[in-house]
Structure formats: structure tokens, C-alpha cells
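Novice: Provided herewith is a single structure, encoded as C-alpha cells, for subsequent inquiry.
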Amino acid sequence: MKSLSGKGSLYLSILVLMSIQCNKKFDTPPEYNGPDLQPNLSISALRAMHFMGNFDHIVNDYIIEGIVVADDSKDNFYKSIIMQDSTGGITIRLDGTGLYNDYPVGRKLAIKLNGLWMGDYARMIQLGAGVDRSDSLFPQIAPIPVPLFDRFLIKKSLQNAIVPKTIRIDQLNDSLQSCLIKIDNLEFAVADTGKPYADVINKLSDNTIVKACSGGSAYIRTSGFARFAGIKTPRGNGSLTAIYSVFKTDKQLMIRDTSDVQMNGLRCTGAGSKLLLAEDFTNQSPNTNLTITGWKNIVETGGKSFQVKSSSNNNYAEINAFATNQLTVVSWLILPPVNLSNSANEILSFQTKDGFDNGGVLQVFASTNYDGGNTPWKAKWTLLKPIISKGSVTGIASDWLASGNISLAGYSGSVYIAFRYDGADPVLAFDKRTTTFQIDNVRIEGN
Amino acid sequence: MLKVLWLQAFLCLMGSLCAQSTRKLNIVKNKFVDSSQAALLKEDMVYDLPIISVNEGERSEGNIPFVPSILSAGRDVFMSTASFHFGVVRFKIRGYDGNVFSTQINGMPMDNLDDDNTQWSLWSGLNDVTKNTEMILGIKPGEHLFGDIGNAVSMDMRASKQREQTQFSYAFSNRSFSHRWMYTTAKGFNKKGWAYSLSGSWRSAGEGYFPGTNYYGGSYFVALDKRLNDGHLVSMIFLGSATANAKQGPVLKESVALASALYNPYWGYQSGKKRSANIGRSHQPVLIITDDHRINNNSYWISTIGCTMGEKSNTALDWYKAADPRPDYYRYLPSYQTDSVLRLFVVDEMHHHESLRQINWDHLYTVNKNSREALFDADGVSGNTITGLRSHYILEERVVGMTRVSINTNFHTRLNEELSFSGGANWQLQQSHYFKRMNDLLGGDYFVDWNQFAERDFPNDVAVIQNDLNNPNRIVKAGDIYGYDYLVNTNKGAAWAQITGSRKKIDFFAAFEMVYTSYERYGKMKNGLFRFNSFGRSTLNEFNTYAMKAGITYKINGRKYLYLQAAAFSKPPLFDDVFISPRTRDTRQDIIQTEKVKTAEAGYVCNAPRIKLRCSAYITSFKDGMNVTTFYHDGYGNFVNYALSGINKLHYGTEFGMEYKVSNHILFTTAASIGRYYYNNRQMVAVSADNDASVLEKTIIFSQNFRIPGTPQEAYGVGISYQSAGSFYLNVSGNYFRQQWLAINPLRRTYNAVENVVAGTEQWDRIIHQQLLPEQYTVDLSAGNSFRLKLYHGKQKQTLVFNLSINNLLNKQDVISGGYEQLRFDTDTKNIDKFPPKYFYAMGLNFSASFSLRF
């Protein structure tokens, strides 16, 4: 009896456990996928039926199917969506707003073409519900009225993957109209870098020019109503994903959002510049230890700091080991960290003079792991190779010597530049390395 | 001097009005004009008629200038016949707005201080206990209140004033409700001096006369009286009415052509069931404690303290970065298609698919369920990222929470054989809390308290898009306050005195009232666009106004009277007409002034046994009125406010009512109200947007001699009643209405509107002319009978009463009860058909059948 009830309670607890573990899921209705309508025409075949300048009334029971590749969620596309299948793409004009709620990028869509019209707007082929001849000189395809959406457009599954076709800029041609394409190694024309995509104040569309390193260019056309219209174009070089469109003979690329523009690389040419840092010490008091906000003036050994000096009304930084009586004099002058994320092709330049050169050394380093603290020698520094004045044994060099353009392009993110002085002033007469170095016009530029 | 002029004007009128009215009209017709009158587009609410919101974005209570029920029409022959005959349409007495009528219950003023309208909804459904009503016509003297230029209704709901009986009744109707159950009982004073009364009712409709309009309302009433020995009667009443009803929307003629006159754009199917997007809810219980002190046979003193507290709200669809979900949005309609083939195509599609004419709820849910979005720095916490379904379609609830405390005292005494004195004072404090509440996220997880209009205008500014900078990026869930949130604090104090006298041939009265009014806005949100004038207290607006009235009655004999009376009022502008955009900031109209009202009336009354008759003529002028109207303008993509000022109006006309006893059983009644109501000057309008401090447009409105809408200006009724020797009665009446005008859009009567249009062309006329609504006639019938019988053993007999009333017996479905020009006008194309007028259609044949059992 006892064992039975023991067994019973065991079974019971297993049952309870099982029933707790196996909570039944709530029933949910299936996702709406629309009727299972199969396409009987490819988009390229449909496009092939069009003669430029004509309006074609489609009276056959054709059905095309594709995936939405651009919608109006960022307002760059207005009252239209772009749809693409493996053979080509086409623009569908819809007389509504907020279309992306129903036809977002990734939505598979079938279109019953019977009753629709196909035409072209300045050679850009479009589908619509009629022909608007209100301006008799420029008849246009009329968008599909909202109440007719469900009659022609059959919504299918969501979140279908889209892979843009990668091409070269010189391969752009009409068969790629309304297709999502990707072009590598592009950059904005110099005059169009760092400027807004469109005029967001007056809500005016604007064109910006993109160029390939290998030659060839196209327009990026952006609506003034686009939510990203006020964002500035990047300066670097990289890839562009866009919908290809044409306006007469102009090749236009339309982006869906700024994430379609991935131009963080180096530009093909160094044209255009952007000043990331500049210091000529003009605002510093002469004959003091150099203290500039953000700069570090650190003595590693020998007790000698960089100082501000003045000559002929020009301020500069100076260091020497003269009269220190130290076996080693090592001092660091470190620039504020420079953020290279928003620029490309950065170069460092400065000028130097040396004086009473007897072997003291000024070196320039770069680091991305220095912590900004007072022990820079613990960080990892890479030696840069500027031209530095030397050999003025009997006095101070008469002219400033340019360092040349030192590329920082190999660095990314936040970078520190340091001047490191290495000298000595032992009591004994030999091995004195007390060379004076003067530094001026430190600049970092990028584009 | 002025008075003399008025008198003269008046006497002229008396003599010649009927003959003159047509001639006058012709003169006016040749002038082009313009006007305002978005003002009348307020919510109407009449007992048992559907509650309809006319003004887009309107929050105010409503406007029931008409008599609440036939029973309160009292002994005035015009009022009783008019209320019986003209109840079918939205007839307004003398064309007045609701805010010049006043109502009190047990001495407590019941007008909402925000808009001066009587809140009938507070006690709707309590028909059994609101019968003890006195109506003071126009500016006639009342013992309990000073009143206004419109009628004053004074209800006595005290327990001991209710008829001592128990009544159960049931009504069946096809109007706004289908079923109504009422139970009322009243017990007179017992030996200890207590009396009580209870009443309750329940009204419901799965669907009222119009599709998609359901209705649920429960009302309750408790009253207790205690008679004290020293002449005091202390009373307490507590009442409330909780209702929720789906509304009928105004419709375009185009929609009616696609569907029917029963078309209602406010509902749609959700999972196969009808659901309305526009549901009005109201529950504002009232507590009133009254002390009635009979000092002696000649004097009494009534003091009241009362409190009303509760909430009233309306739901509506709102949407964020998505297409307009309203099925009658103009871009979805066939007329939006310029191509004739496409237009026919759309007509065909919409005509055959009801789903295209109604809200598509399933679609709204689908959109919300596919909108997984991330919000960064949610609730203002840096780095706090919320991911979930962000609703693009929501159901918002515009709420007004109201608390009002009133203290009122009123003294009446007979000074001597001839003279009586009445006087009183009251103080009212009202706090109205206006805010928006998330009613339903429609399948989404959250909404963000952003100003989407600002977001569009300033896409990269995270500060200005905040509805409340004190709570940036706030996540809104169902039940949360969002959008706007502010208080209106109003104080009103009044004191009045009145002398009435009665001599052998002459009765007379004179009365004076002084009123102090103050109000302020108190913002509870710091709007990102108006961070310096949205949060906290606004300037206090203070007004001292006065009113006086006097009249004289000449008693030709005991049955025939001639009377003459006049009044002058000044009235403070309403909060809503001073603050241009209280939802976002405390900006006020540039010039704030009180409205001056003058009225005069003369009449002849005959109360003979076989014939009762009243004939009177009146003239009323309103000067310096103000009004702010708000609506959604999708050209500006924003809520736009029209701030009108300097509104002058002139109302004059005659009223005639007669009952003639043809025989002991047959009574012939007739009533006519023939008036002319004009805007009689050029108004000013300043147009501004909720999201923009600058004035978008400021211009003169060429509104002179435009007609005041919202009521037929002429109404005629004829009826015959048969009353059997027993208790059976039958009433048949025919009514005829004309001269009802469409409410105009002020912007169509401006210089800009007709710029570059050739004067006198058809296009010119179409832009500026005011539309005359078609003449209407209806036939109504009512009948009833009662029986005394013994339903069960006992001493008492019971009474069983049957009533049937049928309105619009001919089932005319095209009766337009009102309408308005949409407040948008396309100044580019000057095409008035782009935003055509919206109309309200009256019910076709509608009836109510009831029985009651009394014991």
C-alpha cells in the first residue's frame, strides 16, 4: 500500500512536471500571404514590350512577381515603389503615402497587370493605372489610386533577402533601370563632398556627382523631402548601393538611406582638404613651459619640458638639453587625439629648425593605444618619417624646414601624434647631445 | 437715446417684418459677401438624437439651444408647439448659439464654464426626474436666476418635488438607442420629515439608426430631502449618467452617392465585427446640496453648494508615418482622380466593395504588427534602446476631465402688494483638464510621444520634436497621457438683483447683474517647439462684465397682454476663443474684448379658453464676438487654427404660436418662426498652426450679410390632435423648414481666395456664395393611451401607459439637418470641389414606442 502510494505520487509528480513543462502554445492565425498567384511574365519581358515615349495599355492577364527593393520610408521615393525580379526592375506609381507600411523593402509582390498602363517618364519606365493628359504636352503615367491597390497588387511574404547586383559605373544601362545595384570604388566629386544631399530648407531636390577612380560618373539624385536630405555627403571612397534611374540621358542613382553609402576608404586623389588640427603657438606666452589644452608636455627623464619661444614675432615650441647636466634628457610633446573617422587621406605636416646640433634627436611617433596619461612610454608608438632640420652646428637654422606630407592614412579612429626629444648633457665634455629643436605650424589635414 | 432708437427699430419691425423679409433678402443677395462661422461647428447633443461632432479636432461640449423636452416648454404656446413640431431638425430658437441659454438644477448653474453650454449629457437618461422644470423665456424675469438672452431652464429635482409614485417603463426605438429601461420611485415626506426619490435607467443599442453606432448608457439618481422645523428644507441629490456611444460622422455627398444616406465613415470591420473609431464617453456625476429656507410667506432664501466631477472623451484614429486610415479622405475618393476613366474605375470599385468605404481595421493591425522598430534613448535615458512593434496606427482619446464647484445663493421677497425683489450671488470654480490618452495601440507594443509634424519639419532636431521636453522620447502605452496636457482654471463670480412689479394694468421688471470671470491656462508639458510658453501658468485673463434688462407688460384684459422688453449684456470671450492653440502653447488672440449683446422684444399674448396665441418680434445684435476653430489641414500638414475676431451678428424675426380648440376633442396647433440671422460686418481672421508661432495669414473676411448657419431660419408647423374622452390621443403634424444655410469657410471670403478670379464669373460666385440648403418637410405622428387596471391584488390600481411617436413618417432619407464647408480651400486651383462641404443627414422614418407602468 505504502509503496503503491509512493509510486502513485511519483507518477503524479512526473505528470505534473510534464504538464508544467509542456505548456501549450496559443494558437495564432497564419501570416497573411495573399492568394497564391504565380507570375507568367518576367519584368524584363514586360519592359521589352515598351517603346520609349509610348503609353501601353496592358490588356492581357499578365502577372509579374518581384521583391520590393525601394520604398517611401525615408521619403526619397514619393508615391512609388521599386520592384525587381531576377531579370530586371520596374517602378510602380501608387497614389498614396506611407506605402512602406504595406510594401516595405523585402516584401514579395505580385502584380496583376491587366488594366494597368506602362509608360516612361523621361525614359524611366513606370507602371500606373492610366495616363494623365492634363498637360497635353507632357502626358504622364497616372498613379494607381488607393482604392485600387488591392485589385492590382497582391501582397506576399515579407523580409525576402535582396542582393544588389555589383557592377562597374560604365556598365550602367537601361536594362538596369529600377534595379538595385552596387558599385564599388566610388567617391563624391570634390565639390560635392561634405554638402547636404538636397536642400532640406526649401525642400528642393538636388544632384550630387559620384565618380569612379577609373573614370566615369553618375548623379545621385535626392529629394528635398528625404529624411536624410540634410545629412552631409562623405569624403571617402567606397561602395554605393542605389536604384538606377534615368532622366533623359542622365544616369541617376537614388539611395534609400545613407546606409546605402559606404565611403570610408581613401579617395582616389588627394583633392579637397579638411583641417583636423592646426597649431602655430601664436596664442601661447613666450618663455613659459608649453601648456595648451589637450596637449601633453611630459618629461620622461632629465627634467626638461618643451617651451614656448618667440623670435621675430613668431611663436614656436622649443626644446634642448643644454645646461641640464643630465645623462639623459627625454621629453614628449603629444598632440591632442585626432579623430580620423570622418575623413580620409590624412596628412601630418609641421616645420622645424635645429640649432647647435650635436646629435640630439627629435622623433615623431603615432599611437592608437596611448591612454592620454602621463606615461606615454608605456604605449605602443610607431615611428613616422618626417623631414627634420639638422646640421646647424654653429647657430639656429635660418629657415624653417617643412616636414613633408606624412600620411596617417594607415590609421583609423583616434590617433595620437607625439614629438619625442632625446638628448643628453653629461658633465663630461664628450657625448653632449644638447641640440635645440624648434617646432612650428603643426597641421593635420584630411579629405 | 440708443434705447429710443432700438425701440423705433423694433416698432418698425413689428409692423413690417413679414412683408419686408423677402425684399430685404433680395437686396442682400446682390452683394457679395463672406463670413465666418466656423463657430457653429460645434458638437450637438440633443436627448435621444445621435451625438455628432462637427468640428474636426473640436473638444467642446455642445450646443443645445433647443428645449430639452416638450414638458419643459411650460405654458408658452409658441414654445410648446415649436418644441413639438420643430424637434425633428436642428432648429435653434432665434438662431442663437447654445451658450446664451442657461440651465440650473436646484439652484445650481449647470453651464460648463469653458464654453457656457449646458451639459445635457450630465443627466441624460433621467427623463423621469427632470420633468419638474420651469422655463423662463428669453429675458423675462425669473425668481431663481438672472438668465441670459436665451431661455433659462430651472429644474427642480428635489425628492419631495417628485411625483409620489413608482414607475417602470420600457421603450423600444430605432434612434440612437434600441432599448431603454427606466425605474423611478419617489416617496413623500414621512413623519420624521424625510423624503426620497430614486431613479435609474439603462439604454442600449447594438446599432442605432446609423450603421456602426452602438450605444450604452446607464444613469442613476438619488435624492433625499429633510424638512426641518424652522422652515428649512435641506436636500441632497446625486446623479450621474455614464454613456459610451459610437458616433455618426458628417458625410460628403460623394460618399452618399457611393453608398447611401446612411453612410457613416466612422466604422469598419475588425475580424468580421463592426467597430467604430469615434466613440464618445461621458461620466460626470453631480452632487448638489440645497437649503431652501422659507423665511415667511413672502420670502425665501435658497442656497446651494454643488460639485461636478468627471470625464468626457472622444476617440479617433491617429497615425504616424502611415497613410490616412479614414476611408473618406479626399484622396481616396473618385473625385480626386482627374482622369475620367480612372474615376469611373474607382467609383465602380468603391461602390461594390464596402470594405473600401469603411475603416479597414485588420489592415491597421497588420501594419502595426509588421513594424518592428528600435527607439534609441527611450524615456530620455541615454543608451536605453527599446525594440518592439511601434504602432503606426493608434486610437487616441481626447479627454476633458472636469471638476466644478459652485456656491449659489438666491433670495426672493415680496416687498409689498406691488413689488417683489429677487437677488442672488454665486461663485464657481472650474478646472478642466485637457489631455490625450492612448486608448489602443492596435496591436503594436508602443508609441513615442513625439510631435510628428515637427519631426517632419525639423527632421534632425531631437529637441523640438518632443511633445514634452520634461519627458523626452517617452514611451507611450495604452492608458498613458501623451500629446498635450493642460489645465484651464476658471473662476466666475456673479451677483444680481431684480425688481418685479405688478399693478392693475401694468406689470414691469428691471434687473441688473455683475459678473467677474477669470481664466488661465496651466501647461503640464513643455512642448519642444514652444519651450518658453507651453509649460506652467499663462497670464490670467480677467473680465468684469455686466448685464441689465427691463420690461413692461400691458394687460389689455385678463386674457390679452402686450409686452415689451429689452436687455443689454456684455460677455467675456470664452477660453477656447481667446487661446489660439492651447494644445501647444499659451498664445492668445491679439485683441481680446468682451462681446456686447443687445436685444429687444415685443409681443402679444392671448390666453382665451378656446384659443391660445403668442405673437412676438425680436431683434438681437451681437458685437465683437471671437472664435477659434481648429482643424487638420493636410496642406500645412498640421492642425491649423482660425482665430476670428470682431464677429458681429444680427438676429431678428417673429415667432408665432397658436392652439385652437376646434372642439372638446380636437385641437389645432400651429407655430412659425421666421427670422433672419446675419453676420453683419467684416471679420478678421488670423491663421496659425499648432506647430508654428508665426501667423500664417491675417486678413479681412468679407463676411457681411452672410447667413448664420446651423438652423433653418424659417420653420412652420401645423398639427392636429385628437383627444378622446378617455385617455387616447393622436397627434399628426406637418413641418416645413427653409432658409437653412451651410456654415461657411472664412478663407473662401478673403481677397486671396478670389485673387486672379474675374469678378462676377461663375467661378467667382462659386467661391464666395453661401450655399442654401434645400427646403425640408416632414410629417410626424404620435399616439398614446393609458389604462387603469388592477394587475395584482391590493388597494391601489395601476396605470399602464402606451406611447408611440413616429418622426419622418414619409421616410424621407435625404433630409439634411446641417452641414459645413470644409475649412480647407485650395487657393492655387480655386476649385471648391476639391474639399466639398460635409453634411449631416437626418434620420429617415424613426420611431419610439414605450410603455410604462405606474403604481
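Novice: What is the local net charge at A:Asn374, summed over the other residues whose Cβ is closer than 15 Å to its Cβ (Lys, Arg +1; Asp, Glu -1)?
Specialist: Summing Lys and Arg as +1 and Asp and Glu as -1 gives +1.
Novice: I've got another one for you. Hey, what do the phi angles of the range B:480-493 turn into as Karplus ³J(HN,Hα) couplings, whole Hz, using 6.51/-1.76/1.60 and θ = phi - 60°, x for Gly and Pro?
Specialist: Computed from phi, the couplings for the range B:480-493 are 7, 7, 7, x, 9, 6, 8, 10, 10, 9, 10, 10, 9, x Hz.
Novice: Based on C-alpha coordinates, I'd like the Rg and Dmax of the range B:551-622, in Å.
Specialist: Using the Cα atoms of the range B:551-622, the pair Rg, Dmax is 20.6, 62 Å.
Novice: Sticking with this structure for a sec: Scan around A:Tyr121 for amide H atoms under 5 Å from its own, H built in the peptide plane at 1.01 Å from N, and keep only partners 5 or more places away or cross-chain.
Specialist: A:Gln126
Novice: Calculate the all-directions average of the projected area of the range A:43-155's alpha-carbon convex hull, and give it in nm².
Specialist: For the range A:43-155, averaging the hull's shadow over all directions gives 6.6 nm².
Novice: Could I ask something else about it? Roughly how tilted is helix A:2-21, in degrees to the nearest 10 and between 0 and 90, from the longest Cα axis of chain A?
Specialist: 80
Novice: Can you list the equivalent-ellipsoid semi-axes of chain A, largest first and in whole Å, using the square root of 5 times each Cα gyration tensor eigenvalue?
Specialist: Three semi-axes, in Å: 65, 37, 16.
Novice: Using helices alone, what [θ] at 222 nm do you get for chain B, with -39,500 (n - 2.57) per DSSP H run of 4 or more residues, divided over all residues and rounded to the nearest 500?
Specialist: It lands at -3000 deg cm²/dmol.
Novice: Ok, one more. Could you derive backbone 3J(HN,Hα) for the range B:123-138 from the dihedral phi with the Karplus parameters 6.51, -1.76 and 1.60 (θ = phi - 60°), listing whole Hz in sequence and x where the residue is Gly or Pro?
Specialist: Rounded to whole hertz, the list is 10, 5, x, 9, 4, 5, 9, 10, 7, 7, 10, 10, 10, 9, 7, x.
Novice: Search the structure for amide H atoms under 5 Å from the amide H of A:Arg433, placed 1.01 Å from N in the peptide plane, and list their residues when 5 or more places away or on another chain.
Specialist: So A:Arg433 has HN proximity to A:Ala424, A:Asp425.
Novice: To the nearest 20 Debye, how big is the dipole of the range B:730-798 about its Cα centre, given +1 on the beta carbon of each Lys and Arg and -1 on that of each Asp and Glu?
Specialist: The dipole of the range B:730-798 has a size of about 900 debye.
Novice: If amide H atoms are built 1.01 Å from N in the plane of the peptide, which residues on other chains or at least 5 residues away come under 5 Å of the amide H of B:Gln740?
Specialist: Amide H to amide H, under 5 Å and 5 or more residues apart or across chains, B:Gln740 pairs with B:Gln713, B:Leu773.
Novice: Separate question: What net charge is computed for the residues neighbouring A:Lys353, neighbours being all others with C-beta under 11 Å from the C-beta of A:Lys353, Lys and Arg scored +1, Asp and Glu -1?
Specialist: Local charge sum for A:Lys353: -3.
Novice: On each of the three principal axes of the Cα atoms of the range B:653-750, give max minus min coordinate, whole Å, ordered largest first.
Specialist: 72, 27, 14
Novice: Tell me, what is a quarter of the convex hull surface for the C-alpha atoms of the range A:165-268, in nm² with one decimal?
Specialist: 6.0
Novice: Taking the Cα centre of chain A as the origin, how large is its charge dipole in debye, to the nearest 20, when only Lys and Arg (+1) and Asp and Glu (-1) carry charge on their Cβ atoms?
Specialist: Computed charge dipole of chain A: roughly 1000 debye.
Novice: May I ask for the net charge around B:Gly200, where only other residues with Cβ less than 12 Å from the Cβ of B:Gly200 are counted and Lys, Arg are +1 while Asp, Glu are -1?
Specialist: Within the 12 Å Cβ shell, the charges total +1.
Novice: Using the eigenvalues of the Cα gyration tensor, what equivalent ellipsoid semi-axes result for the protein assembly as shown when each is taken as the square root of five times the eigenvalue, whole Å, largest first?
Specialist: Taking √(5λ) for each eigenvalue gives 76, 39, 33 Å, largest first.
Novice: Now, a different point. What does the helix-only formula give at 222 nm for chain A: each DSSP H stretch with n ≥ 4 adding -39500 (n - 2.57), the total divided by the residues, and the result rounded to the nearest 500 deg cm²/dmol?
Specialist: Mean residue ellipticity at 222 nm (helix-derived): -2000 deg cm²/dmol.
Novice: In whole Hz and in residue order, list the ³J(HN,Hα) couplings for the range B:516-532 that follow from phi through the Karplus curve 6.51 cos²θ - 1.76 cosθ + 1.60, θ = phi - 60°; x for Gly and Pro.
Specialist: 10, 10, 9, 8, 8, 9, 10, x, 9, 10, 9, 6, x, 7, 10, 6, 9
Novice: Okay, next question. With viscosity set to 0.890 mPa s and temperature to 25 °C, compute the Stokes-Einstein D of the range B:409-562, Rh being the Kirkwood radius across alpha carbon pairs; µm²/s, no decimals.
Specialist: 120
Novice: What order do you get for A:346-356, B:671-681 when each peptide is scored by the mean count of other beta carbon atoms within 10 Å, highest first?
Specialist: B:671-681, A:346-356
Novice: Would you mind ranking B:Lys312, B:Lys273 by Cβ crowding within 10 Å, fewest neighbours first?
Specialist: Least crowded to most crowded, the residues run B:Lys273, B:Lys312.
Novice: For the range B:695-805, take every pair of Cα atoms, bin their distances at 10 Å starting from 0, and report each bin as a whole percent.
Specialist: Calculated P(r), rounded to whole percents: 12, 23, 18, 14, 12, 11, 7, 3, 0.
Novice: Among the lysines, which have Cα under 23 Å from the Cα of A:Lys378 when same-chain residues fewer than 8 positions away are ignored?
Specialist: Output for A:Lys378: A:Lys296, A:Lys304.
Novice: Give the Rg (one decimal place) followed by the Dmax (whole number) of chain B, computed from C-alpha coordinates and expressed in Å.
Specialist: Reported Rg and Dmax, both Å: 27.6, 88.
Coordinate-derived values only; no laboratory data. Note that the coordinates shown come from a computational prediction; the quantities given were computed from them, not determined experimentally. With ideal geometry, Cβ positions are generated from the backbone for all residues, glycine too; neighbour counts draw on all protein chains shown.
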